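A.B. asks: Can you read through this structure? Questions will come right after.
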Amino acid sequence: MPDVRIVNATKKFGKIVAVDNVSLHIRDKEYFSLLGPSGCGKTTLLRLIAGLIQPDEGEIYIGDRLVNNVPPEDRDIGFVFQTFALFPHMNAWDNVTYSPRVKGFDMEKAETIGHEVLEMVKLHERLDAFPDELSGGMMQRIAVARALAAGAKLLLLDEPLGHLDAKVRNELRYEIKKMVKDLDLTAIHVTHDQSEAMAISDRIAVMRKGKIWQVGTPEELYMKPESVFVAHFIGESNFLDGYVSSVSSKGVMIELRGELRVQVATNDIQQGERVVLAIRPETFTIERGAKRGKNSVLATVEKVTFEGTNIRYDIRLENQDLVVVVKPSLTESWFNTGENVTVSFPPEKSHVFTYPKLGLKEEIAVE
């Protein structure tokens, strides 16, 4: 069973550095996602693993085998593209059995594989259908079945759900992961959709500008982001900038704009240091009127948005900073636009980062 190791890989296209000295270890039988904004290098990295392009520097290993100079057809991989990439002149059966036949399998073995994978993707009854007779979800199932029929133990998926509508996308992502786990495959899934990556991945590498910013489980990335960018890109965060006004055994005091002071739980910063405070929208508590307590801030509700399961509040703090607060719509009493409230958060529920050298706006940009 293959694990995948990328060692100091770099790939340039002219002056553009698409992959910048990346090292990464994807474990055997792991469902791993490469996540990041468009143009961050995730698809280039996947193509390097597939052998569709060669690294300018560094090494790619599949299992214990160095594959830098091994052509794609000899890497024992299955590749699923965003655009389905089915042969339009072939029906579902011929598309799925194409790889076994090209590899020289005897007809009986090729037919056995074809029946097995079509049953697996629940499209055995459509084996005579041509691609233009199938829905987008069905075509992607056929594309996955064709990759599985090749007998590969490493499945590479490049934005495989990007062209599907939301409901089909949500259903198919779980089906693909179940197939991968049932067959003991290793899967590398490229996406720019953080909710998709969070839902299906064992681990995720967050990429930006050709580099990997953090690798971890979905829970680790959400609960323990290591940078302002990851705190912004994984989920949603409110960012408040200020200075460390005091450090003691009781905690760290941050002075925000307007001499507003709040306490945080970290001790890994120095007095006088400029910092960014990241607070998740669901972390805040809202109460009517003026309340006093730790990290309690007077505020006014500026906007109320109903989002189905949640209510989203845009709230202006007394120092004029704007924060977003999200609460369940069924279990919370709603607040009204213009209402005076108090918002608060526990010190341990915030993340503190050194203020970015290039500024906060540049740091969270998802160019």
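A.B. asks: Within segment 127-142, is there a residue that is touching a strand residue (DSSP E or B) at 6+ places or on another chain (Cβ under 9 Å), closer than 19 Å to E171 by Cα and not aromatic (F, W, Y)?
C.D. replies: Yes: one or more hits.
Conditions tested, residue by residue: (1) among the polar types (S, T, N, Q); (2) farther than 24 Å from S296 by Cβ; (3) in contact (Cβ under 8 Å) with a residue 12 or more places away in the chain; (4) touching a Ser or Thr at 6+ places or on another chain (Cβ under 9 Å).
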residue	(1), (2), (3), (4)
E226	no, yes, yes, no
F229	no, yes, yes, no
I234	no, yes, yes, no
D241	no, no, yes, no
S245	yes, no, yes, no
V252	no, no, yes, yes
R261	no, no, yes, yes
I269	no, no, yes, yes
G272	no, yes, yes, yes
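A.B. asks: Out of segment 131-140, which residues are assigned to a helix (DSSP H, G or I) and over 14 Å from N91 (Cβ atoms)?
C.D. replies: G136, G137, Q140
A.B. asks: Between L148, L161, L156, which is touching a helix residue (DSSP H, G or I) at 6+ places or on another chain (Cβ under 9 Å), part of a strand (DSSP E or B) and under 22 Å from K29 (Cβ atoms)?
C.D. replies: The unique qualifying residue is L156.
A.B. asks: When you scan segment 309-347, how many residues do you find that are among the polar types (S, T, N, Q) and either crowded, with 17+ Cβ neighbours inside 10 Å or under 21 Å from G235 (Cα atoms) (or both)?
C.D. replies: Result for segment 309-347: 5.
A.B. asks: At pLDDT 95 or above and within 10 Å of the chain's Cα centre (by Cα): which single residue out of I204, I200, I212, I188 fits that description?
C.D. replies: Selected residue: I204, the only one of I204, I200, I212, I188 that is at pLDDT 95 or above and within 10 Å of the chain's Cα centre (by Cα).
A.B. asks: Still on this model: Quick one: is N21 part of a loop (DSSP other than H, G, I, E, B) and at pLDDT 90 or above?
C.D. replies: Judged against the criteria, N21 is not a match.
A.B. asks: Of the residues in segment 67-82, how many are surrounded by 13 or more Cβ atoms within 10 Å (Cβ to Cβ), farther than 13 Å from K153 by Cα and not aromatic (F, W, Y)?
C.D. replies: Final tally of qualifying residues: 6.
A.B. asks: Same structure, new question: Taking segment 328-366 on its own, how many of its residues are free of Cβ contacts under 8 Å to residues at least 24 places away in the same chain and not acidic (D, E)?
C.D. replies: Number satisfying all stated conditions: 10.
A.B. asks: Pairs, please: C-beta under 6 Å, at least 6 apart or cross-chain, first residue in the same structural domain as E171 (by TED's automatic domain parsing) and in segment 113-130, second buried (at least 21 other Cβ atoms within 10 Å of the Cβ) and not in a helix (DSSP H, G or I)?
C.D. replies: Partner pairs satisfying both residue conditions: G114/T97.
A.B. asks: Let me ask something else. Which condition breaks for E287 when tested against (1) without any contact (Cβ under 8 Å) to a residue 60 or more places away in the chain; (2) surrounded by 14 or more Cβ atoms within 10 Å (Cβ to Cβ); (3) among the charged types (D, E, K, R)?
C.D. replies: (2)
A.B. asks: Among the residues of segment 58-78, write down those that are touching a Pro at 6+ places or on another chain (Cβ under 8 Å), in contact (Cβ under 8 Å) with a residue 60 or more places away in the chain and on the phi < 0 side of the Ramachandran plot.
C.D. replies: I62, the sole residue that qualifies.
A.B. asks: While we're looking at this one, here's another question. Taking the conditions exactly as written (surrounded by fewer than 17 Cβ atoms within 10 Å (Cβ to Cβ), closer than 30 Å to H232 by Cα and touching a helix residue (DSSP H, G or I) at 6+ places or on another chain (Cβ under 9 Å)), does F87 satisfy them or not?
C.D. replies: no
A.B. asks: Would you pick out the residues in segment 164-175 that are surrounded by 15 or more Cβ atoms within 10 Å (Cβ to Cβ) and either in contact (Cβ under 8 Å) with a residue 60 or more places away in the chain or part of a loop (DSSP other than H, G, I, E, B) (or both)?
C.D. replies: The one that is surrounded by 15 or more Cβ atoms within 10 Å (Cβ to Cβ) and either in contact (Cβ under 8 Å) with a residue 60 or more places away in the chain or part of a loop (DSSP other than H, G, I, E, B) (or both): L164.
A.B. asks: State which residue pairs qualify: first residue assigned by TED's automatic domain parsing to the domain that holds K224 and surrounded by fewer than 21 Cβ atoms within 10 Å (Cβ to Cβ) and inside segment 192-210, second residue among the aromatic types (F, W, Y) and outside any helix (DSSP H, G or I) in any location, beta carbons under 6 Å apart, and separation of 6 or more residues or different chains.
C.D. replies: D202/Y31; R203/F32
A.B. asks: A further question on this structure: Just one of (1) part of a strand (DSSP E or B); (2) closer than 30 Å to F13 by Cβ trips up T305, so point out which.
C.D. replies: Here T305 clears every test but (2).
A.B. asks: Still on this structure, please answer the following. Please work out if V117 is under 28 Å from the mean Cα position of the chain (by Cα), among the β-branched types (V, I, T), buried (at least 18 other Cβ atoms within 10 Å of the Cβ) and within 14 Å of I142 (Cβ to Cβ).
C.D. replies: Judged against the criteria, V117 is a match.
Yes/no per residue for (1) more than 30 Å from the chain's Cα centre (by Cα); (2) at pLDDT 95 or above; (3) within 26 Å of Y243 (Cβ to Cβ):
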residue: G258; (1), (2), (3): yes, no, yes
residue: E273; (1), (2), (3): yes, no, yes
residue: I279; (1), (2), (3): no, yes, yes
residue: R288; (1), (2), (3): yes, no, no
residue: V301; (1), (2), (3): yes, yes, no
residue: F306; (1), (2), (3): no, no, no
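A.B. asks: Same structure, new question: What strands (runs of 3 or more DSSP E) completely inside segment 198-299 contain at least 3 residues that are within 20 Å of V366 (Cβ to Cβ)?
C.D. replies: 203-208, 211-216, 238-248, 274-279
The values are calculated or read from the model by the stated rules, or taken from the named source; none is laboratory data. Note that the structure is predicted; figures quoted are calculated from it, not measured. A quick note on method: Cβ atoms are made from the backbone with ideal geometry, for glycine too, and the neighbour counts reach across all protein chains shown.
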